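The values are calculated or read from the model by the stated rules, or taken from the named source; none is laboratory data. Computed from a predicted model, the values in this text were never measured in an experiment. Note: ideal-geometry Cβ built from the backbone for every residue, glycine included; neighbour counts use all protein chains shown.
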Amino acid sequence: MNTYIRLINSIPQIPVELETQLLDYANKMQKSAAEGTPRDYKLQFLTNPDNPAMQFKYQVFRDIAAAAEQGIPLLGFEKKKGAAGVANFGEGYFQTTHQYIKFDELPDVKEWIKENIPFKFTDSKFQIIHGGNVLLPHVDLLQEQVLKYIVEPGGDNVKTAHYVPKLEFAQHAIFPSLAFPYSRLDEVGSVVIPPRAWHTLDVKTIHGVSGLETRRVCLSFKLN
Ligand SMILES: [Fe+2]
């Protein structure tokens, strides 16, 4: 589809009965934005990206502090848990709640995956993205390449885009705990990935999702 997203046609679609099991499980496990998520920095309140004071306020991660000690400015802004779990990003976007759920209670799905996915993967999970219209540009923590399958796309025109920092921000520090404002980025690729199409996604390059109207449900497998 582009350099960052490749369709894998050799893996079949998930059978309807297993998809039903998956969605029933997703419905059971989905939390409201207010209830939060196990990885709380994924539940994000983003402060005004143009307020330089925030860069000091959010030196809470060791790696970010190291960048600050060396005087390296951050490209993005720390994602902070808000009371409602969803908040205005400052550029007028609302960040989503992002939940990861293990398949452990779905033996049939696990079996199907074992029989049909030819890749070695080190982690597998459901992703439910809900409660907002974008998943802001970011890089993933601990994974570089993922295999994905979208069960519910979240709308008819949901785009997965990749970005590079604009030239004037090229020397800024990038960390997985940050979200990057669109105003500092140039888009280098954008695709509406169809549902039920297995594909790989480069998640070490800055990427994000936009155009969400309803929740998005995907399966995700860590390949590195
Ligand atoms: Fe990501």
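Descriptive notes on the structure:
- Residue check, GLN127 at pLDDT below 85 and either within 12 Å of the ligand (Cβ to nearest atom) or of a type in the set (Ser, Thr, Tyr) (or both): no
- Neighbours by Cβ (under 7 Å, 6+ apart or cross-chain): first from the stretch 173-196, in contact (Cβ under 8 Å) with a residue 24 or more places away in the chain; second of a type in the set (Val, Ile, Thr) and part of a loop (DSSP other than H, G, I, E, B): ALA173/ILE72; ILE174/VAL139; PRO176/VAL139; GLY189/THR3; VAL192/VAL158
- Top-ranked residue of the stretch 140-164 - restricted to ones that are near the ligand (Cβ under 10 Å from one of its atoms) and crowded, with 22+ Cβ neighbours inside 10 Å, ranked as nearest to SER210 (Cα to Cα): THR160
- For the stretch 171-189, filtered to residues that are part of a loop (DSSP other than H, G, I, E, B) and more than 19 Å from TYR4 (Cβ to Cβ), the residue that is modelled with the lowest pLDDT is SER177.
- Filter pass, THR160 being touching a strand residue (DSSP E or B) at 6+ places or on another chain (Cβ under 7 Å) and over 27 Å from LYS31 (Cβ atoms): no
- Every pair of residues 6+ apart whose Cβ atoms lie under 6 Å, when the first sits in the stretch 203-224 and is in contact (Cβ under 8 Å) with a residue 24 or more places away in the chain while the second is of a type in the set (Lys, Arg) and part of a strand (DSSP E or B): SER210/LYS159; GLY211/LYS159; CYS218/LYS148; SER220/LYS125; SER220/LYS148
- Any chance VAL217 is modelled with pLDDT of 90 or more, within 13 Å of the chain's Cα centre (by Cα) and away from the ligand (no atom under 12 Å from the Cβ): yes
- Filter result (within 15 Å of the ligand (Cβ to nearest atom) and either over 16 Å from the mean Cα position of the chain (by Cα) or in a loop (DSSP other than H, G, I, E, B) (or both)) within the stretch 190-214: ILE193, VAL203, LYS204, THR205, LEU212
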